[in-house]
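Only one structure is covered here, and it is reproduced in the block below.
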Amino acid sequence: MAMTVLAGAGHGAHTAGLPDWVRVGFAVLLAAVAVVHLRHGAQMAGQRRWWHAGHAVMAAGMAAMYLLPRMHFEGLHRSGLVLFALLAAATAAAALGLRSREGALNPIWTMSALDYLAMTYMLADPGVRPGWLGYVFAAYFGCAVLGWVARAFDRLPVFARPVAAAVGAGGGTAAGPALLSAHPAGGSGGAPARSRMSVALTLAAMAAAMAFMLVAM
């Protein structure tokens with residue numbers, strides 16, 4: 001029996017065979033992701049804090065899209081469209097700005113800009129978004145799931161280890177690129193390892209939820 005299962009995703013699509021508990025399950029999972037990233041952000045500083053806060057906002061937005069039908073919450077979806085479009089533009093600008101300061105295009109902000117752009121796509125009116133682009137985003141998130149689960153991104157220095165502070169012209173130190181997996185105190189051991197794992201798993205879960213929604217739209 002056909003049932004409306006992705007009305008909560010904001011596009012009013014109809015898909016057969018997906019029960020409500022699956023839709024609610026995705027929302028609960030994404031709410032948990034938001035909580036984890038809020039906790040991580042509270043323990044971080046600088047770029048890492050903003051990065052975690054951004055993923056908490058994305059997870060909360062995804063949970064809302066799974067639960068709240070566009071047909072009944074059109075204003076909310078339009079507000080989300082504006083919010084994530086602005087976040088995508090601001091993050092892309094920040095990535096380019098930080099490139100000149102850090103000497104490299106920071107992958108955490110590049111990926112975040114793509115994530116926000118995908119959120120913007122999902123919140124856009126179904127009549128104006130090209131279907132092929134949804135599959136491109138879905139493929140991107142599928143690769144992201146594999147990358148986070150396999151910890152492939154840990155091989156990128158910006159994810160894997162602290163960057164030595166550069167000596168400034170006045171003898172001071174300049175902050176290096178944002179690091180997701182480094183402990184705020186720069187230490188090592190069980191706690192940082194658990195922190196890195198929780199970040200990787202929650203990001204994989206959110207990427208999977210986003211890929212599923214894009215394919216089912």
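Pairs of alpha-carbon atoms within less than 8 angstrom and 6+ residues apart define the contacts here; what relative contact order does region 60-128 have, in percent? Walk me through the numbers on the way to the answer.
Working: 47 pairs, mean separation 25.0, N = 69.
Dividing the mean separation by the residue count of region 60-128 yields 36 percent.
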- [ ] Based on the mean of other Cβ atoms within 10 Å per residue, sort peptides 206-214, 121-129 so the most packed one is first.
- [x] 206-214, 121-129
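Can you give me the accessible area per residue for region 75-122, using a 1.4 Å probe, in Å²? Working shown, then result.
Numbers: 2330 Å² over 48 residues.
That works out to 49 Å² per residue.
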TODO: Multiply the residue gap between Val128 and Ser100 by 0.36 nm, knock off their C-alpha separation, and tell me the result in nm, one decimal place.
DONE: 6.5 nm
Task: Solvent-accessible surface (1.4 angstrom probe) belonging to Leu83, in square angstrom, nearest 10 - done: 80 Å²
- [ ] Determine ³J(HN,Hα), in whole Hz, for all residues of region 119-125 in sequence, where each value follows from phi through the Karplus function 6.51 cos²θ - 1.76 cosθ + 1.60 and θ = phi - 60°; x replaces Gly and Pro.
- [x] 4, 4, 4, 5, 8, 5, 4
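Compare Tyr66, Tyr140 by solvent-accessible area with a 1.4 Å probe and give them largest first, with all protein chains kept in place.
Values: Tyr66 0, Tyr140 55 Å².
Most to least solvent-accessible, the answer reads Tyr140, Tyr66.
The values are calculated or read from the model by the stated rules, or taken from the named source; none is laboratory data. These figures come from a predicted structure and were not determined experimentally. Cβ sites come from the backbone with ideal geometry, for glycine too, and all protein chains shown count toward neighbours. What goes into the accessible areas is simple: the full protein's heavy atoms, side chains included, and nothing from ligands, DNA or RNA. Shrake-Rupley method; radii C 1.70, N 1.55, O 1.52, S 1.80 Å.
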